[in-house]
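These notes concern the structure reproduced below.
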Amino acid sequence: MKTALSVHNLTKMFGDFTAVNGVSFDVEDGKFFSILGPSGCGKTTLLRMIAGFFEPTGGQIKIREKDMAGVEPNRRPVNLVFQHLALFPMMNVYENVAFGLRRRHVSDSDINKKVTSMLERVGLPEHAKKKISQLSGGQKQRIAIARCLVLDPSVLLLDEPLGALDAKLREYMKVELKKLQSDVGTTFVYITHDQSEAMVMSDYVAVMNSGQFEQIDTPQNLYNNPHSSFVAQFVGNNNKLTVDLSSKSSGVYTALYKDGQKYEVSGDFSLEEGNEFDMFVRPEAFVINAPESAKGLNTIKCEVKEILFDGGNSQLLVIPEGTVEELVVALPQNKLYDSISRKDRIRISWNPTASVCFRKEEFKIYDDA
Ligand SMILES: Nc1ncnc2c1ncn2[C@@H]1O[C@H](COP(=O)(O)OP(=O)(O)OP(=O)(O)O)[C@@H](O)[C@H]1O
Ligand SMILES: [Mg+2]
């Protein structure tokens, strides 16, 4: 596989503030690569350096093996789709898509072929004559992407392109974008602070925190094997239980929880011993009222505080006995648990391999939420 984009030790400082701090990654040709991180972590700054709008303070960017140092933005084989789409309102849809090709002095007949085929690809061939103001939000989005894709970039950079859409349309567009990318085969580098967007669409996701990459992995690995407390909390929902950890045998640890009980943690990792560890257990890792005969599970007794009904995403809020901590437990809508009500005492169990531990770490996940 060829490398479409290769970034090495890239850094950007604004005065004495480091916005991007020694970031390195490679993106193979034709992949969908996302950069996921909270507001202010440096995503846009990183993308603007790749596009050539910001001069890096240090490090190297190569696109298709070619060093981009000193190459002007308009000479780079990349295009950037902005959050605010920057479509031209005075031009119709066709002319918006044709714009870049005209600037490149492509012949009218070639423009016609390319724009027509591009509009078909994004599913809007019958809208060519419409004004931008006559399009829906999702249609505008597709035109903004079509306008860049028609220029056949080596890499398409997308800066939170779905940010302006309402929740329902975002859900729809993330599937559409994924399909579009696999149809056209262009390499996408996509930035977002929405973990579900990144997970659904991407081949690989880099999780970014305070200017640095914490982990680059497949969505499945990020979810199942987070390498840091930050990744465990930022990717998907998670419960955090503060425990004291001691080693039991190779790969098996004992976690003493605030309820006075000991729980087992095991897996393919080595941990230190000590106080104040965060143990993470996913809401759907819990089994509610598992049969007493089930062997080898950890079990916490708790009281149901709230039932948060949300169809297939319904959850229980529970308080483990002897604590004031709240845990979130996925509540499958398979009729087995319909009789559970508030203040019920239930047991929740999980497999010792279904949790991860990290030394306690404090950080803010949401800057401006
Ligand atoms: N031109 C600039 N001058 C000084 N500081 C800047 C500049 N641009 C960005 N920053 C700072 O760099 C940090 C990273 O900004 P950036 O826009 O890259 O974040 P982001 O991850 O894209 O956030 P968001 O998700 O909110 O778009 C922020 O603290 C921001 O204030
Ligand atoms: Mg940004």
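Read-outs throughout are calculated quantities, based only on the coordinates presented, and are distinct from any laboratory measurement. Since this is a predicted model, take the numbers as computed values, not measurements. Note that we place each Cβ from the backbone using ideal geometry, even for glycine, and neighbour counts take in every protein chain shown.
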Study note, to complete from the structure: In deg cm²/dmol, rounded to the nearest 500, the helical mean residue ellipticity at 222 nm of the chain, built from -39500 (n - 2.57) for every DSSP H run of length 4 or more, is -7000 deg cm²/dmol
Check your understanding: Can you list the lysines whose alpha carbon sits under 28 Å from that of residue 130, skipping same-chain ones fewer than 8 residues off?
Key -> 113, 114, 140, 168, 174, 178, 179
Revision key, fill the gap. So, relative contact order of the chain in percent, Cα under 8 Å, 6 or more apart, is 16 percent
Review point. ³J(HN,Hα) across segment 208-223 via Karplus (A = 6.51, B = -1.76, C = 1.60, θ = phi - 60°), whole Hz, x for Gly/Pro?
Key: 10, 9, 6, x, 10, 8, 8, 6, 10, 6, 6, x, 4, 5, 4, 6
Practice item. Quote the charge dipole size of the chain about the Cα centre in Debye, to the nearest 20; the model charges only the Cβ of Lys and Arg (+1) and of Asp and Glu (-1). Key: 1300 debye
Practice item. Jot down the per residue volume, in cubic angstrom and as a whole number, of the convex hull over the alpha-carbon atoms of segment 298-355. Key: 91 Å³
Exercise for review: Just rank 288, 300, fewest to most, by other beta-carbon atoms within 10 angstrom.
Suggested key: 288, 300
Check your understanding: Can you list the lysines whose alpha carbon sits under 29 Å from that of residue 301, skipping same-chain ones fewer than 8 residues off?
Key -> 240, 248, 258, 262, 335, 343, 360
Review point. What does the convex hull of the Cα atoms of the chain come to per residue, in Å³, rounded to a whole number?
Key: 178 Å³
Practice item. Report, in debye and to the nearest 20, how large the dipole of segment 237-359 comes out about its Cα centre when Lys and Arg carry +1 and Asp and Glu carry -1 on their Cβ. Key: 300 debye
Exercise for review: Would you mind computing Rg(Cα) / (2.2 N^0.38 Å) for segment 54-144, counting N as its residues?
Suggested key: 1.30
Review point. Given 81, 341, 117, which one lies farthest toward the positive end of the charge dipole of the chain, if we put +1 on the Cβ of every Lys and Arg and -1 on the Cβ of every Asp and Glu?
Key: 117
Practice item. Taking the dipole about the Cα centre of segment 1-152, with the C-beta of Lys and Arg at +1 and of Asp and Glu at -1, give me whichever of 135, 151, 21 is farthest to the positive side. Key: 135
Review point. Measuring from centroid to centroid over Cα atoms, what is the spacing of segment 88-167 and segment 202-239 in Å?
Key: 33 Å
Check your understanding: From the residues 224, 70, 6, which one has its Cα farthest along the dipole of segment 3-231 in the positive direction, the dipole being from +1 and -1 charges on Cβ of Lys/Arg and Asp/Glu about the Cα centre?
Key -> 70
